[in-house]
Amino acid sequence: MSLLVVGLSHRSAPVSVLERAALSGDARAKLLHDTLAAEPAAEGAVLATCNRIELYADVDKFHAGVAELSTLLAQHSGVGLEELTPYLYVHYEDRAVHHLFSVACGLDSMVVGEGQILGQIKDALAVGQDLHTAGRLLNDLFQQALRVGKRAHSETGIDRAGQSLVTFGLEQLADGTDVAEWAKGKRALVIGAGSMSSLAAATLARAGVAEIVVANRTAARADRLVEILTEPGATGVAARAVEMVAVGDELTRADIVVSCTGATGLVLTGEAVEAATHDRTAPLHLLDLAMPRDIDAAAHRMPGVRLVDIESLAEASADAPMAADVDRVRDIVSDEVAAFGAAQRAAHITPTVVALRAMAADVVAGEVARLEGRLPGLDDKQRAEITQTVRRVVDKLLHAPTVRVKQLASEPGGAGYADALRTLFDLDPGTVASVSRADLNDGDVKNRGRV
């Protein structure tokens, strides 16, 4: 089986296509179930953010896997396959590992170095674990990606190469003014209470806004975000929660609006924005971080309104300077990809080595039993000494070749050593498979729920 990723992102597709291809939570779950039901795939995980949709799978056939995963993405995204195909990219085996590790480090983000992607990778793994679609390979891959991303942020200055989309978006709204100076004393309306909206609310609170109003379809989540913002020792900002039906009224009083929901339609229509700006003297600043968009693009053309959305952020970030630390992160990614590949190849041969040692133990047991039949007068001490001697001889004979074969198998092109070992020692394929299944089950129990 081999790792395959098929996806599209802001680098390969226009925002209009990404917007239409966005997946809801239910659609992601259905996509994962259908991926495992497809013949070429044994594991699956979906990484879906505001600017990327990627389907990871462990497949046994490359061409069939690409065709099946592309078709599934088209079916569940609602964008026709013919229209979607030109924007899809495909990565296989080590290139797929390299891609995810680069994504985890923020190298492939719209704003280079942003750390939000780590939480999104963690969520993708958690969903795969909860739905039991992420097996040994994808558990190992995504957990290692999280470690690589954290390493990149701790060992380099990649954070200085860019900011989170929230910070970058607010800087675009401030239009060259210091965000804290620009936001101080303003009223903010945050629509949504997910991770991105929560980050926006916290950022605005630290920037010194006078009030934050949180609107969300689930009132309990809005209340919880308000509690976090106003708890003792926090920012001291005034905050309150409102129902979604109150958004229109709150819009007339807000200076800054940040929206990031999972809605499939517009949350703020052009008519709603226009009504809120009627007879208004102060400008209205809108930040739309949702995909598909929450705020009608028509707001771009309205007087007194400044709208920053994913599309305008993509254009602005294209000219953002790259930090020298980016090269260091690329080196880290390359080293980690090589290490991950070596570990996976070494793990691939482990069941064969275990089966070989099990066969050797059976041979020792059989020969000792035969010797006892021919020498019935042996006492327990003599029998134990003979048994231990035979085991030592067998262990010494197997030690060097098994250690060496693991080393060889960990190198590129070493996948064939497991087959050679099985052939040379005439190992039962069923025994090797049973060892693999037992090891996989242990790994699933160990990894389930861990991110």
_Pull out all pairs, ordered by first then second residue, where Cβ-Cβ is under 6 Å, the residues are six or more apart or on different chains, the first lies in segment 264-279 and is under 10 Å from Thr252 (Cα atoms), and the second is surrounded by fewer than 17 Cβ atoms within 10 Å (Cβ to Cβ) and of a type in the set (Gly, Ala, Ser)._
Ala272/Gly248; Thr277/Gly304
*Report whether or not Gly157 is surrounded by fewer than 18 Cβ atoms within 10 Å (Cβ to Cβ) and out of contact with any Phe, Trp or Tyr (no Cβ under 8 Å at 6 or more places or on another chain).*
yes
*Is it the case that Asp279 is more than 30 Å from Ser9 (Cβ to Cβ), among the acidic types (Asp, Glu) and open to solvent by 40 Å² or more (accessible area, probe 1.4 Å)?*
yes
*How many residues does segment 390-402 hold that are open to solvent by 60 Å² or more (accessible area, probe 1.4 Å) and either among the hydroxyl-bearing types (Ser, Thr, Tyr) or farther than 17 Å from Leu427 by Cβ (or both)?*
7
*asked:* I'd like the residue in segment 260-273 that is out of contact with any helix residue (DSSP H, G or I) (no Cβ under 8 Å at 6 or more places or on another chain) and at pLDDT 90 or above and, out of all such residues, is nearest to Met302 (Cα to Cα).
replied: Glu271
*For Met359, all conditions in the list (1) more than 22 Å from the chain's Cα centre (by Cα); (2) surrounded by fewer than 20 Cβ atoms within 10 Å (Cβ to Cβ); (3) closer than 30 Å to Gly192 by Cβ hold save one; what is the number of the exception?*
(3)
*Which ones in segment 141-190 are at pLDDT 90 or above, of a type in the set (S, T, N, Q) and either assigned to a helix (DSSP H, G or I) or closer than 17 Å to Val257 by Cα (or both)?*
Gln143, Gln144, Ser154, Gln172
_Condition check: among the acidic types (Asp, Glu), open to solvent by less than 10 Å² (accessible area, probe 1.4 Å) and without any contact (Cβ under 8 Å) to a residue 40 or more places away in the chain. Does Asp288 satisfy that?_
yes
*Got at least one residue in segment 138-153 being of a type outside the set (Phe, Trp, Tyr), in contact with a strand residue (DSSP E or B) (Cβ under 8 Å, 6 or more places away or on another chain), within 17 Å of Gly341 (Cα to Cα) and crowded, with 19+ Cβ neighbours inside 10 Å?*
yes
*Residue check, Lys122 over 10 Å from the mean Cα position of the chain (by Cα) and assigned to a helix (DSSP H, G or I)*: no
_Options Val213, Val245; residue that is under 24 Å from Pro292 (Cα atoms), part of a helix (DSSP H, G or I), of a type outside the set (S, T, N, Q) and over 28 Å from the mean Cα position of the chain (by Cα)_ = Val245
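The values are calculated or read from the model by the stated rules, or taken from the named source; none is laboratory data. Please read all numbers here as calculations on a predicted model, not as lab measurements. Note that each Cβ is placed from the backbone with ideal geometry, even for glycine, and that neighbours are counted across all protein chains shown. Only protein heavy atoms, including side chains, enter the accessible area calculation; ligands, DNA and RNA are left aside. Shrake-Rupley method; radii C 1.70, N 1.55, O 1.52, S 1.80 Å.
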